[in-house]
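Let me begin by presenting the structure, written as structure tokens, before commenting on it.
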Amino acid sequence: MVRPAFLIALPALFALAVLAALHVLDAGYAFVAAVVVFAGAFVIARLALRDVATLRGYAEAVATAPEARLPRLALPGLLLPLAAAIRRIGRGARSPLAETQAAAPGRSVLDMLPDPLILLDGERRVVSANAAARELLGPSAVGRDLASVLRNPALLEAVEEVMNDRAAISEAEFAFHVPVERNFNARVARLGEGNPGQPALAVALYELTAIRRTEEMRTDFIANASHELRTPVSVLLGCVQTLRGSARDDPEAQAEFFGLMEGQALRMSRLVDDLLALSRIELNEHTPLEDDVDLAKLIGQVTETLAARAREMNMSIEVDIPADIPVIRGDKDDLIKVFQNLIDNAVKYGADGTPVTVRARLMHKDIPPAMAGVRTAVAVAVEDRGEGIPPEHVPRLTERFYRVDTARSRQLGGTGLGLAIVKHVLNRHRGALVIDSKVGRGSTFSVYLPLVAATPRALPAPSGGAENGEAD
Ligand SMILES: Nc1ncnc2c1ncn2[C@@H]1O[C@H](COP(=O)(O)OP(=O)(O)O)[C@@H](O)[C@H]1O
Ligand SMILES: [Mg+2]
């Protein structure tokens, strides 16, 4: 402190010494004046140095929070321009990201990204993680070594590669197995030098689960469809060879083989028809519904075509559709397929000599949760008294080619695609299928179709009593 004070006072002290030497000023007065000058310089130096310390603190504060308040200075005339310059530098250094963040306080821009993003420091510790990453890794991931929150060799190798400057960007694919399998692609890139606590690497994850699942479904589907076609084709080839060979001169055997060939050809034709129907329905899944459908009439047509088959098995189809069931908005041909498949299944898998019941009801409550927001629906239940379905199979019945008993389904002429078709048609109608089955007692397949898109005049006012679920 003495040296700066001395430097400030130096010109005045020099002048006083000259005046005293020339005897212009008495030496005693000159000494007193010098002491006063030095004391003043000491005070000024002290204040100036304190202001400099204050500004140093201010500069550090601006580096992290550009909005930091300008501190009060003892000598504003001297150092205020410097303070203003520090503030300008602080504001200028603010990133566009920080600007956006300031515009949407409380919500980080990175948190709005659907994909997980993790920032690591030079020691592989998680410095920050956006909302998607926190959801994946758990809220306590920040501050921990990446290896302890995401223990995957491929990912850690990619991080290591970038950390040791063996690559600028590195990618890895890995899977999480708990609680369900999820696949990710990770892209690791260097951000900075990696001072402790500062982001050095960015790890951006991209979820591949849905893509992988679609790929798997596609290959499974092709494998299943080819397998379904291969069996009748090999039977046909076998028949042709026999007809050309050993059965050439045996009219009885020929008749038998022609019958077999016809059966296999019909099976292939049904399979191709169902495959085409499924692909057409999927293609149209988002096109608007244009027909006003009278369900009583439509179900009547379907039961007529299936009555002969039911009679063969000593079964009957009983239809109970009240007259007040409204006309619904739908696709006539597709709905015919729905009821054809369900009633056909009920006849096929129902017990000999028992009836199949088709019952329609207007519903104002107990509508399946999958049809959220729908307040009125028509429910058509197809009930059989057959062997029923073990519960572990029920959730998978609408998958393509899924059957409880494949051999039996084939023997009964089934393709394994009927319920998949039903599901897709109902998706297009924003409806739902509910399966209720008891082994040894029978099954009920209930179709729910919403009334929201029906012609308004066709919608009757809800009747009172237990049926009126509007208030629920
Ligand atoms: N009413 C039913 N009773 C018992 N099982 C049924 C019934 N409906 C369907 N299933 C089971 O669901 C499977 C799939 O049905 P679906 O897709 O219509 O194929 P399929 O061509 O075999 O009839 C059937 O193979 C059968 O195992
Ligand atoms: Mg079927």
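Points to keep in mind about this one:
- Lys/Arg +1, Asp/Glu -1 at C-beta; the chain dipole; positive extreme among 4, 258, 427: 4
- Summing Lys and Arg as +1 and Asp and Glu as -1 over all other residues whose Cβ lies under 15 Å from the Cβ of residue 142 gives a net charge of -1.
- Electrostatic tally near residue 449: other residues with Cβ closer than 10 Å to its Cβ, Lys and Arg +1, Asp and Glu -1, net +2.
- Charged-residue dipole, Cβ positions (Lys, Arg, Asp, Glu), region 128-267 about Cα centre, Debye nearest 20: 320
- Inter-site label distance for residue 67 and residue 52 at 7 Å from Cα along Cβ, in nm: 3.3
- Whole-Å distance, taken between Cα centres, linking region 202-261 and region 306-358: 30
- Degrees separating the helix 76-92 axis from the principal Cα axis of the chain, which is the longest one: 20
- Extents of region 1-74, taken as max minus min of Cα coordinates on every principal axis and listed largest first, are 60, 15, 14 Å.
- A dipole drawn for the chain from +1 and -1 charges on Cβ atoms has a positive end, and of 113, 406, 340 the residue lying farthest that way is 113.
- Charge sum, other residues only, whose C-beta stays under 13 Å from residue 132's C-beta, Lys/Arg counted +1 and Asp/Glu -1: -2
- Percent of Cα-Cα distances greater than 20 Å, calculated over region 294-449: 47
- The charge dipole of region 223-363, taken about its Cα centre with unit charges on the Cβ of Lys, Arg, Asp and Glu (plus for the first two, minus for the last two), comes to roughly 280 debye.
- Applying 0.36 nm per residue to the separation of residue 269 and residue 27 and subtracting their alpha-carbon distance, the gain on full extension is 74.3 nm.
- The charge dipole of the chain, taken about its Cα centre with unit charges on the Cβ atoms of Lys, Arg (+1), Asp and Glu (-1) only, comes to about 2100 debye.
- FRET efficiency estimate (nearest 0.05) - Cβ-Cβ, residue 198 to residue 75, R0 56 angstrom: 0.95
- Burial order of peptide ranges 256-267, 67-78 (average beta-carbon count within 10 Å, highest first): 256-267, 67-78
- Multiplying the residue separation of residue 157 and residue 260 by 0.36 nm and removing their Cα-Cα distance gives an extension gain of 31.1 nm.
- Using the average count of surrounding beta-carbon atoms within 10 Å as a protection proxy, the listed peptides 432-445, 18-31 rank, highest first, as 432-445, 18-31.
- Each of residue 406 and residue 112 was given a label point 7 Å from its Cα along the Cα-to-Cβ line. The distance between the two points is 5.1 nm.
- Förster-model FRET efficiency, 30 Å R0, residue 35 and residue 85, C-beta, rounded to 0.05: 0.20
- Among 181-192, 312-323, the peptide with the highest mean count of other Cβ atoms within 10 Å heads the list, and the full ranking is 181-192, 312-323.
- Dipole-positive endmost among 201, 374, 240 within the chain (Cβ charges, Cα centre): 201
- If the segment from residue 441 to residue 318 were pulled out straight at 0.36 nm per residue, it would be longer than the present Cα-Cα gap by 42.5 nm.
Read-outs: derived from the displayed coordinates by stated rules, not from any lab. Just so we're clear, the structure is a prediction, and the values are computed from it rather than from any experiment. Using ideal geometry, Cβ is built from the backbone for each residue, glycine included, and neighbour counts are taken over all protein chains shown.
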